[in-house]
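The values are calculated or read from the model by the stated rules, or taken from the named source; none is laboratory data. Nothing here was measured: the structure is a model prediction, and the numbers come from that model. Here the Cβ positions follow ideal geometry from the backbone for every residue, glycine too, while neighbour counts run over all protein chains shown.
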């Protein structure tokens, strides 16, 4: 049952706090009716209503593996959650104005060198326990550390800020973590970072 609940978290249909509460109940109860109630409320299968086959709208994402499946759009400002896993954002991607991450024994890698900034200030709210966080920024991007850390190692290595470069702000709480911000030259591509720096 825990594996099924984990899949619900992965698809965004169950919040992490509710997942923790349900797992505590699953592992502590001896009452089959409690388990049946959880199974009926969260894991019951409802066959999809028959639908007419329609082509997807131009801006609607379509899952590659199951093109007829419904794709739940992520809720804005909802945290990305990982327990003993890895979250990686590399290559060309858009950095939102605010991103939230909840990590437990996980690895978070954010490579901003080829990314597009959605705002002049991008905030990463990181709440992590026993995790590793690595953020790679191109030269000229200023990173402001507002993290509250306990038994953690936090290292922020940046270069002189460029006046037109986006700024990155780190907030949240880290416990028993390693947080490392490093500066690396951006690969030669046509990105916003390169345009800002005259590339």
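Assorted remarks:
- Only one of 119, 165, 186, 128 that is touching a residue at least 40 places away in the same chain (Cβ under 8 Å), more than 30 Å from residue 17 (Cβ to Cβ) and not assigned by TED's automatic domain parsing to the domain that holds residue 15: 186
- Hits in the range 102-123 - residues which are buried (at least 18 other Cβ atoms within 10 Å of the Cβ), in contact with a strand residue (DSSP E or B) (Cβ under 7 Å, 6 or more places away or on another chain) and more than 24 Å from residue 177 (Cα to Cα): 115, 117
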